[in-house]
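Notes for the one structure printed next.
The values are calculated or read from the model by the stated rules, or taken from the named source; none is laboratory data. Because the structure is a prediction, the values reported are computed rather than measured. Here the Cβ positions follow ideal geometry from the backbone for every residue, glycine too, while neighbour counts run over all protein chains shown. Calculation scope for accessible area: heavy atoms of the full protein, side chains included, ligands and nucleic acids excluded. Shrake-Rupley method; radii C 1.70, N 1.55, O 1.52, S 1.80 Å.
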Amino acid sequence: MSGGVPVSTSAVATFVTSVQRVNAQFYTHNNLVASVTDTLTTPGVATQFLGKVFFTLLNDTLGRNTSIIPQLEHFADHISGNSFFIRSKVAPYDYWYYPQSSNATKAVYVSRTERTRFTVSRTANDTAGTVMIGSDKIIIKLTTTDLSVNVNATTAQVILSLAPLSELTFSTLLTNFTVGSSLSVSGENVNELLYTEHGEQWELA
C-alpha cells in the first residue's frame, strides 16, 4: 500500500484507517482492512454515491496496461494553509488583487495585469495540511500581513480587515463573488470585487 495521509471522515473505523490520500488525484486503500468498493454499500461511509461512481484498476503487472484516468496538469491542490492566487473560472486572466499602497479603503479588486497571493485555511483547529471541501468554514488572509477578507456591509465590496468574514465556506469562496464596476486605482485599470448570493465561479491557482 502506498504512503499517504488518512482522509476518511466516516465513523466506521476500518475506513478511517484504510483509505489514504496519495495526492490530489489518487487515493489508495488496504483491501485487507476495508475494500474501497464497500464504501458505497456500508452505512456511514459513502452510500450517497451508489450509482454515481465506478471503480477501475490502474496499470499494473497483470496486463492492465490502459488507464482511463488522465493525468491532471496545472492543478491547484486545495490544501488548508496553502497560498493561492484566486482567479475567475470563465475568464482566467481576471485575478483578485490587493494594492498595498494608496488603498485607504483596503479594498480587494479584480485585475487583468496584477494579482495577489492569499492564504486559504480551514477555521477548525489542527486542520492545516488537510483537504478543503465545500462545507468547510474558511478564512482568507494576505500572505504578507495579518489582514483577512471581509465585506463592506453597505457596499458589498470585498475588503481586508483584522476581522475575517464570518461563516465563509469553501464553496462560498468559489461561487459568491462577482466583478463590479471598473475604475482606476493608482493608475491601474481594475474592477470592484463584490460579495453576492449569486456570484460567478472562481478557482484557486
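Applying the selection to segment 159-177, what residues are open to solvent by less than 30 Å² (accessible area, probe 1.4 Å) and under 11 Å from GLY199 (Cβ atoms)? Hits for segment 159-177 are THR172, LEU173, ASN176, PHE177.
Do we find a residue being of a type in the set (A, V, I, L, M, F, W, C) and modelled with pLDDT of 95 or more anywhere in segment 176-185? Yes, the conditions are met somewhere in segment 176-185. If the condition is being closer than 30 Å to VAL185 by Cβ, open to solvent by less than 90 Å² (accessible area, probe 1.4 Å), aliphatic (A, V, I, L, M) and in a loop (DSSP other than H, G, I, E, B), then segment 99-131 contributes only VAL108. The residues of segment 10-28 that are over 22 Å from PHE75 (Cβ atoms) and either over 22 Å from the mean Cα position of the chain (by Cα) or outside any loop (DSSP other than H, G, I, E, B) (or both), listed by number, are ALA11, VAL12, ALA13, THR14, PHE15, VAL16, THR17, SER18.
Screening segment 153-170 for residues that are of a type outside the set (A, V, I, L, M, F, W, C) and not in a loop (DSSP other than H, G, I, E, B) and picking the one that is farthest from LYS137 (Cα to Cα) gives GLN157.
Determine whether ALA156 is at pLDDT 95 or above and at positive phi. Yes. Does segment 16-28 include one or more residues that are open to solvent by 50 Å² or more (accessible area, probe 1.4 Å) and at pLDDT 80 or above? Within segment 16-28 (the criterion being open to solvent by 50 Å² or more (accessible area, probe 1.4 Å) and at pLDDT 80 or above), the answer is no, since none of the residues qualifies. Number of residues in segment 178-199 that are open to solvent by 60 Å² or more (accessible area, probe 1.4 Å) and either over 20 Å from GLN100 (Cβ atoms) or in contact with a helix residue (DSSP H, G or I) (Cβ under 9 Å, 6 or more places away or on another chain) (or both): the value is 5. Scanning segment 134-147 finds one or more residues that are open to solvent by less than 40 Å² (accessible area, probe 1.4 Å), in contact with a Lys or Arg (Cβ under 6 Å, 6 or more places away or on another chain) and assigned to a loop (DSSP other than H, G, I, E, B). A Cβ distance below 6 Å, combined with a sequence gap of six or more or placement on separate chains, defines the contacts here; from segment 113-136, residues that are β-branched (Val, Ile, Thr) and modelled with pLDDT of 90 or more reach residues that are surrounded by fewer than 15 Cβ atoms within 10 Å (Cβ to Cβ) and in a loop (DSSP other than H, G, I, E, B) in the pairs THR119/THR143. Of all residues in segment 77-95, exactly one satisfies the criterion of being over 15 Å from the mean Cα position of the chain (by Cα) and not in a loop (DSSP other than H, G, I, E, B), namely TYR95. Checked against the criterion of being outside any loop (DSSP other than H, G, I, E, B) and touching a strand residue (DSSP E or B) at 6+ places or on another chain (Cβ under 6 Å), the candidates ASN189, ASN150 yield just one match: ASN150.
Quick one: count up the residues across segment 43-58 that are part of a helix (DSSP H, G or I) and either modelled with pLDDT under 80 or surrounded by 10 or more Cβ atoms within 10 Å (Cβ to Cβ) (or both). Residues flagged as part of a helix (DSSP H, G or I) and either modelled with pLDDT under 80 or surrounded by 10 or more Cβ atoms within 10 Å (Cβ to Cβ) (or both) within segment 43-58 amount to 2.
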